Amino acid sequence: MQYYLAIDIGASSGRHIVSHVEDGKMILEEVYRFDNNLETRYGHLCWNVKELFANILAGIRKCKELGKIPVSVGIDTWGVDFVLLDKDNNALGETVAYRDARTVGMDAVLDEYISESELYSITGIQKQLYNTIYQLLAIKQDNPDLLQKAESILFMPEYFNFLLTGIKKHEYTFATTSGLVNARNKSWDTDLIRRIGLPERLFADGLNPAGTAVGSFSEKIREEVGFDSVVVLPATHDTGSAFMAVPANDADAVYMSSGTWTLLGVEIDEPITSELSREQNFTNEGGYEYRYRFLKNVMGLWMVQSIRRNIDKKFSFAELEQMAKEVKDFPSVIDVNDFSFFAPESMIEAVKEYCRKTSQTVPETIGEVMQCVYSSLSKSYAAFIRELSKITGKPFTSINIVGGGSKDVYLNALTARETGLPVYAGPTEGTALGNIIAQMLIAGEYPDLQSARAAIKTSFPVVIFEP
């Protein structure tokens with residue numbers, strides 16, 4: 001029996017999931033879980049990379065303890081963030097997180113080099129101030145010595161792969177989130193990089209497609225974990241992996257990866273870089289086998305997670321959901337993508353303040369705050385699906401949700417009601433499952449993605465919510 005290990009690290013937690021195929025069905029087992037928390041260092045929100053890698057190793061050692069040694073290992077993470085390395089491969093500075101405020105105003109700086117319209121026509125990537133391109137411009141402006149010392153750049157999963165193997169490899173799906181990849185030729189856009197004054201040496205290595213082997217564990221790692229394995233590149237951007245796990249091959253279905261962020265969209269064969277698409281802020285992220293994930297970023301369950309942290313996790317997610325249902329007629333609606341909800345000190349106060357500013361009823365109880373968020377999320381999904389249909393010219397007949405949000409029964413029911421479309425919710429571990437699928441395709445467990453998706457459909461339960 002062959003085991004495969006997916007290490008799926010999100011913006012709030014990580015997990016190690018081991019999988020194998022038994023009687024034609026995929027079996028998943030979570031063997032290790034850990035928190036991923038932002039820390040404030042030198043005035044910036046940062047990731048604790050050393051702690052993250054320590055947890056990566058701890059989870060790999062757990063596989064050894066359980067006697068389930070994987071033939072391959074794949075790592076996926078959230079997008080855009082990176083580590084700069086010097087000539088000796090030492091990390092430079094802190095690993096600043098995308099929610100940090102250092103990129104505020106960097107859109108005006110970028111406009112001096114290239115217009116938003118031209119940039120979108122090249123990359124097809126939505127304007128988000130946390131994109132790598134803005135982060136690098138912030139370093140160029142505020143800490144140019146770092147860029148002068150940097151010999152290479154590795155995105156988060158690539159850096160962890162390097163620590164495991166000693167080998168540097170860039171992966172295509174993740175690189176597209178940077179805003180530095182040409183949407184049509186699927187490689188670094190060197191003209192753009194040169195134009196905005198970033199060091200070209202950082203992008204000297206080409207992009208590898210998902211499904212590429214990186215290499216075996218280094219001798220040091222083999223000694224630490226007690227075995228050897230091959231590290232491979234799944235779709236290292238978590239949304240790329242999540243979309244792979246949608247158990248549908250229906251061109252008329254909307255795909256939704258629901259977690260800290262909600263990524264809502266479709267798979268297409270060619271990028272859409274029209275002015276209408278740019279104005280509506282849709283993005284063309286790279287997908288498996290060079291498909292495009294044409295989608296919209298929505299704030300998602302970050303808001304729910306933040307509210308729960310604001311009350312010191314006094315109530316479970318299920319209890320918060322029940323509180324919302326008890327005040328289901330609460331009328332106020334917020335723009336969930338408003339910047340005030342991106343990284344507020346208090347999400348509860350941010351929701352209340354938005355309602356005050358927009359002359360709506362201000363929620364007073366936790367239940368009313370939750371109902372406001374749930375209702376607003378479902379209404380935003382409906383609005384974005386209408387935009388998606390207009391831009392693509394497709395009428396959509398269903399919504400397929402994967403990820404942790406597929407368990408949120410109340411939100412899924414509201415989404416079905418607001419969109420008028422049936423919602424197919426599951427599997428829950430969508431991102432890790434997509435990661436594993438890429439590994440299984442390399443190993444020949446399935447002949448192609450379509451076959452793997454068919455196996456997912458028979459391996460995991462899917463709950464249907466009718467409109």
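Summary of values
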read-out	value
Residue list for the stretch 430-464, restricted to those being in contact (Cβ under 8 Å) with a residue 40 or more places away in the chain, part of a loop (DSSP other than H, G, I, E, B) and either surrounded by fewer than 19 Cβ atoms within 10 Å (Cβ to Cβ) or in the same structural domain as T397 (by TED's automatic domain parsing) (or both)	V462
Enumeration of residues in the stretch 211-235 that are assigned to a loop (DSSP other than H, G, I, E, B) and either farther than 30 Å from I122 by Cβ or out of contact with any strand residue (DSSP E or B) (no Cβ under 9 Å at 6 or more places or on another chain) (or both)	F217, S218, G226, F227, D228, S229
Strands (runs of 3 or more DSSP E) completely within the stretch 1-101 that count 3 or more residues being within 21 Å of K169 (Cβ to Cβ)	3-9, 70-77, 82-85
Any hit, the stretch 428-441, residues being under 30 Å from Y3 (Cβ atoms), at pLDDT 95 or above and more than 20 Å from the chain's Cα centre (by Cα)	yes
Count - residues of the stretch 398-420 that are under 24 Å from F460 (Cβ atoms) and in a helix (DSSP H, G or I)	13
Residues of the stretch 290-343 satisfying the condition of being on the phi > 0 side of the Ramachandran plot, surrounded by fewer than 16 Cβ atoms within 10 Å (Cβ to Cβ) and touching a residue at least 12 places away in the same chain (Cβ under 8 Å)	Y290
Selection from the stretch 182-210 of residues that are in contact with a strand residue (DSSP E or B) (Cβ under 8 Å, 6 or more places away or on another chain) and buried (at least 19 other Cβ atoms within 10 Å of the Cβ)	A183, W188, D189, L202, F203, L207, A210
Counted residues, the stretch 1-45 - those being surrounded by fewer than 20 Cβ atoms within 10 Å (Cβ to Cβ), within 22 Å of T95 (Cα to Cα) and charged (D, E, K, R)	5
1 or more residues closer than 25 Å to V246 by Cβ and outside the structural domain of N131 (by TED's automatic domain parsing): qualifying helices (runs of 4 or more DSSP H) within the stretch 279-397	302-310, 317-326, 366-392
Any hit, the stretch 67-80, residues being closer than 27 Å to T283 by Cα, crowded, with 18+ Cβ neighbours inside 10 Å, aliphatic (A, V, I, L, M) and in contact (Cβ under 8 Å) with a residue 60 or more places away in the chain	yes
Any pair with Cβ under 6 angstrom, 6 or more apart, that starts in the stretch 172-187 at a residue that is in contact (Cβ under 8 Å) with a residue 24 or more places away in the chain and not assigned by TED's automatic domain parsing to the domain that holds E289 and ends at one that is among the polar types (S, T, N, Q) and part of a loop (DSSP other than H, G, I, E, B)	F174/T236; G179/N131
Residue list for the stretch 97-115, restricted to those being under 19 Å from the mean Cα position of the chain (by Cα) and of a type in the set (D, E)	D100
The stretch 211-251, residues that are within 20 Å of I56 (Cβ to Cβ), in contact (Cβ under 8 Å) with a residue 40 or more places away in the chain and surrounded by fewer than 19 Cβ atoms within 10 Å (Cβ to Cβ)	T212, A213, G215, S216, S218, E224, G226, F227, V230
Pairs where the first residue, in the stretch 376-391, is free of Cβ contacts under 8 Å to residues at least 12 places away in the same chain and the second is aromatic (F, W, Y), C-beta under 7 Å, 6+ apart	S389/F396
Sole residue being surrounded by fewer than 20 Cβ atoms within 10 Å (Cβ to Cβ), more than 20 Å from the chain's Cα centre (by Cα), under 17 Å from C46 (Cα atoms) and assigned by TED's automatic domain parsing to the domain that holds L233, chosen from E118, E151, E94	E94
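The values are calculated or read from the model by the stated rules, or taken from the named source; none is laboratory data. No experiment lies behind these values; they were computed from the predicted model shown. When we count neighbours, we look across all protein chains shown, and the Cβ atoms used for this are built from the backbone with ideal geometry, even at glycine.
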